[in-house]
Each structure stands twice: as structure tokens, then as C-alpha cells.
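Below: one structure, written as C-alpha cells.
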Amino acid sequence: MPSIRFRLNGVDTNVDADPDRSLLDVLRGSLAVTGAHFGCGAGECGACNVLIGDRAIASCDTPLWSVAGKDVTTLEGLGTAKRPHPLQRAFIAEQALQCGYCVSGILISAAALLKRNPSPSSSEVKEALDGNLCRCGSHNRMVRAVLRAAAEMAAG
């Protein structure tokens, strides 16, 4: 079995696995990193999004070999319970989640947006989150939360 090396949530990681196995399966199964959720399995819903560099990528249809040598960040890598990321704090403050299933992918998509554009408009936030499916009806609160986090990050 070949060994694939990448950086996961800031830690050098080495995985002995089939290189064609999905990144999501390796994260959840082999590495017990469960923030990314299985949704559609076709890269269409956003529940499994992870950051690769500064882009949100569906991990369910990303082969393990494609992350060799790259930085991968999951929800667990954004912040901790003691030191949450500004997005996590803002989502709590705005009550921008209900069931929570889609939220990890939405947080990752929002983090990718804020890496590329630290001061997005409301329409840019909506466009960035467009690939994330959510049935809870919290969309307006999610947009407010992303804008709130952007303002907090800009203020330092």
C-alpha cells in the first residue's frame, strides 16, 4: 500500500491507503477526523468540504493521491472549543445553524472565501455558499454570521 503524505490541520500526516480512495473516507475512517460529513457522495452538496490551500473542495470525490504534499484543513483545524475561529463564534452568535449537518461544509466554504476576500459583500457571501445545500432555512443568518466574522477579523 503506498504512503501519501500531506499536512492535515497543521500536522504532517502520512497515510498508508489506496491512493484512489476518497479523501473523505480516509479522513473519517482511517484518521477519525469527522468534521466533514458524507452527504451526496457526488461533490454537489458541500457537506464534506475541506480546505485545500485556500479553496473549499468536496472531499467525497477527491482522491487521496491528489492531496499529496498539500495543506488540508477540516472543521477541526479552524478552531477549538477554547479558541474558536471567528466564523465559529459568529455562527453561534447569529444562531446560524439548526441540525448542524451542513454547517461544517458551510464554515469551510466561508473560511475559503475570507482567505481570498477578507471583506466580502453580502452577495459575495451568498455566491460563495451557493454550493452548500441546507434544508434548515438558516441562510440569512449564515450570511450575517460570515459578514460578522469578516468584520471581527478585520478589526483584529
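The values are calculated or read from the model by the stated rules, or taken from the named source; none is laboratory data. What you are looking at is a predicted structure, and each value in this text was computed from that prediction instead of being measured. Ideal geometry is used to build each Cβ from the backbone, glycine not excepted, and the neighbour counts take in all protein chains shown.
Screening the stretch 109-127 for residues that are surrounded by 17 or more Cβ atoms within 10 Å (Cβ to Cβ) and touching a residue at least 60 places away in the same chain (Cβ under 8 Å) and picking the one that is nearest to Ala154 (Cα to Cα) gives Ala111.
Could you check the stretch 7-30 and list, in sequence order, the residues that are part of a strand (DSSP E or B) and surrounded by fewer than 19 Cβ atoms within 10 Å (Cβ to Cβ)?
So in the stretch 7-30, the residues part of a strand (DSSP E or B) come out as 7-8, 11-16, 22.
Residues satisfying the conditions are Arg7, Val11, Asp12, Thr13, Asn14, Asp16.
Of all residues in the stretch 71-81, those being in a loop (DSSP other than H, G, I, E, B) and modelled with pLDDT of 95 or more number 1.
Conditions (1) part of a loop (DSSP other than H, G, I, E, B); (2) closer than 21 Å to Cys136 by Cα; (3) hydrophobic (A, V, I, L, M, F, W, C), marked per residue:
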{"residue": "Ala32", "(1), (2), (3)": "yes, no, yes"}
{"residue": "Cys45", "(1), (2), (3)": "yes, yes, yes"}
{"residue": "Ile57", "(1), (2), (3)": "no, no, yes"}
{"residue": "Cys60", "(1), (2), (3)": "no, no, yes"}
{"residue": "Gly69", "(1), (2), (3)": "yes, no, no"}
{"residue": "Arg83", "(1), (2), (3)": "yes, no, no"}
{"residue": "Ile106", "(1), (2), (3)": "no, yes, yes"}
{"residue": "Ser109", "(1), (2), (3)": "no, yes, no"}
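In this structure, is Ser138 surrounded by 15 or more Cβ atoms within 10 Å (Cβ to Cβ), among the hydroxyl-bearing types (Ser, Thr, Tyr) and modelled with pLDDT under 95? Reasoning before the result, please.
On the way: surrounded by 15 or more Cβ atoms within 10 Å (Cβ to Cβ): yes; among the hydroxyl-bearing types (Ser, Thr, Tyr): yes; modelled with pLDDT under 95: yes.
In short, yes.
The set of residues from the stretch 111-155 being of a type in the set (Lys, Arg) and part of a helix (DSSP H, G or I) comprises Lys115, Arg116, Lys126, Arg141, Arg144, Arg148.
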